[in-house]
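What follows draws every value from the coordinates through simple rules; no lab data is involved. Keep in mind that this is a model prediction, so the values were computed, not measured. Reconstructed Cβ throughout: ideal geometry from the backbone, glycine too, with neighbour counts over all protein chains shown.
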Amino acid sequence: MSHDPIALAQPALFRQQALIGGRWVHGEEGKSFDVHDPATGKVLGSVPSLSARDMAPAIDSAIKAQKDWARRTAAERSELLMRWHDLMLEHREDLALLMTREQGKPLTEARGEVGYAASFIKWFAEEARRVYGRTIPASAADRRLIAIQQPIGVTAAITPWNFPAAMLARKAGPALASGCSMIAKPAEDTPFTALALGWLAQEAGLPDGLLNIVTGDPATVTQPLMASTAVRKISFTGSTEVGRLLMRQAADTVKKVSLELGGNAPFIVFDDADVEAAVEGVMASKYRNTGQTCVCANRIFVQDAVHDVFVEKLALATSRLKVGAGTEEGVEQGPLINAQALEKVTAHVQDAREKGGQILVGGNPHARGGTFFEPTVIANATRNMRLFDEETFGPVAPVFRFSDDDEAVAMANDTPFGLASYFYARDLGRVIRAAEALETGIVGVNTGLISTEVAPFGGIKQSGIGREGGHEGKGK
Ligand code: SIN
């Protein structure tokens, strides 16, 4: 079948093989699967569907590379990582285009994601030089106890389709900087960005086998990694359901786990908020990546006194969003990743409609067809709707009305998830009370954007374990 080509300035970035032990391979069975452009449905190319047996050389090369890498000084490791960082930025346009074509996000967001990805490599290249231990007084005057931090060893990463570059960088950065090696498995929908990053890692001079990028069916590829005693840590970003499964599998070899799982972010607008700013904040959080991030506002709670004006402004701003292929000029909302995503978003809106939700804007699959969905605002949202309990993962903004602060916080916390929350308020006492009462790992106050390499990112409750980014993200 002929492929829809991606016009890259550096064509070598488009890899259709897996990276194992420094070699680009098709896998011993030679099987492959196609990757599609969600904006057109056309095939972009294919990548290997590796077998379980292909994982043995990946693990062996990661073991070998790690031993040598851990012996290098932190400064040497840091220097190579900085070269990788620089190359990412040098090839920003190509990486952004690859990402937009396979993932669907608008080019401006894809460019932003390349910068976000590179920021993790830089941050951890710097942090690598500050992996301190402790000297502890002993019971004898001529002795001291010394506690040092050592690399974990071989690590595995399973990364999601919504941030094909940043989630790989957020996991590989700390692992490699601290002397570990990694076997990374990108999502089936978006392997090309990760493979391009693998090629750039080689160009930067990272040793063979230090970063392996494997592609294929998740269960087939992941099972040997989970069963291996050599793989000492697994880091996963994705659904809570898969996170639970990996946690169970990790128990057999007592692997460390780091899990960034589902969210159900509340966004509260209190009655002393700057309403214009709150609308801007919701737009930034809700519609980032067409609503497909784990930290997108999923439920918007607005207090009586500002409810009507807020809803009116939100509906107007939403109606102005430009929908289209991410490569088109000025587009702000791309397609959803695949047909299943479209089905879920459509079902959530239909459920809300049937239960009394008032559709103010959108509400239907977009006239462009494919997996495009109209940016949607729903007023009169209520507790019994599916979108209260489940992450919609699409461009749908349901607004719930509330009267008092305790009621809002109680509704916000009424979920098994606890990744991110947001609120807008001016009163300092209220800000402190709400920030501490919200049961989430991250709280955005008077902002809709909370993602940065310099602060810890992660959830509580069933949204995960561990922190990525910040100095906490060094992955002890
Ligand atoms: C995610 O959606 O999993 C990550 C979002 C982010 O890093 O901002």
query = Which far-off residues, 5 or more places away or on another chain, put their amide H under 5 Å from the one on Phe372, with H placed in the peptide plane?
reply = Leu336, His366
Under 12 Å, Cβ to Cβ, from Trp24 - net charge with Lys/Arg +1 and Asp/Glu -1 = +1
note = Low-density loop trypsin sites (Lys or Arg not before Pro), segment 129-222, at most 13 other Cβ within 10 Å, DSSP non-H/G/I/E/B, are Arg143
ask   = Got a sec? How would Lys313, Lys355, Lys322, Lys105 order by Cβ neighbour count within 10 Å, fewest to most?
value = Lys322, Lys355, Lys313, Lys105
query = Just in segment 367-476: which chymotrypsin sites (Phe, Trp or Tyr not before Pro) are loop by DSSP and have at most 14 other Cβ atoms within 10 Å?
reply = none
note = Reduced to Cα centres, the span from segment 224-256 to segment 25-84 in Å works out to 18 Å
query = Which percentage, to the nearest 5, of the DSSP beta bridges contained in the chain is antiparallel?
reply = 35 percent
message = Once you order the gyration tensor axes a ≥ b ≥ c over the Cα atoms, which shape class does segment 1-75 get: rounded for a/c under 1.5, otherwise prolate or oblate by comparing a/b with b/c?
response = oblate
inquiry  = What does the C-alpha gyration tensor say about the overall shape of the chain? Classify as rounded when a/c is under 1.5, otherwise prolate if a/b is larger than b/c, or oblate.
reply    = oblate
key: Sequence of Ile152, Ile63, Ile432, Ile268 once ranked by neighbouring C-beta atoms within 10 Å, starting from the fewest   = Ile432, Ile63, Ile152, Ile268
Which of Thr135, Thr220, Thr376 has the fewest Cβ neighbours within 10 Å, and the rest in rising order = Thr135, Thr220, Thr376
remark   = the chain: longest segment with zero exposed GluC sites (Glu not before Pro), where exposed means DSSP loop plus at most 15 other C-beta atoms within 10 Å, is residues 30-327
request  = With a/c under 1.5 counting as rounded, go ahead and sort segment 47-119 into rounded, prolate or oblate using the C-alpha gyration tensor (a ≥ b ≥ c being the square roots of the eigenvalues; past the cut-off, prolate if a/b is larger than b/c, else oblate).
outcome  = oblate
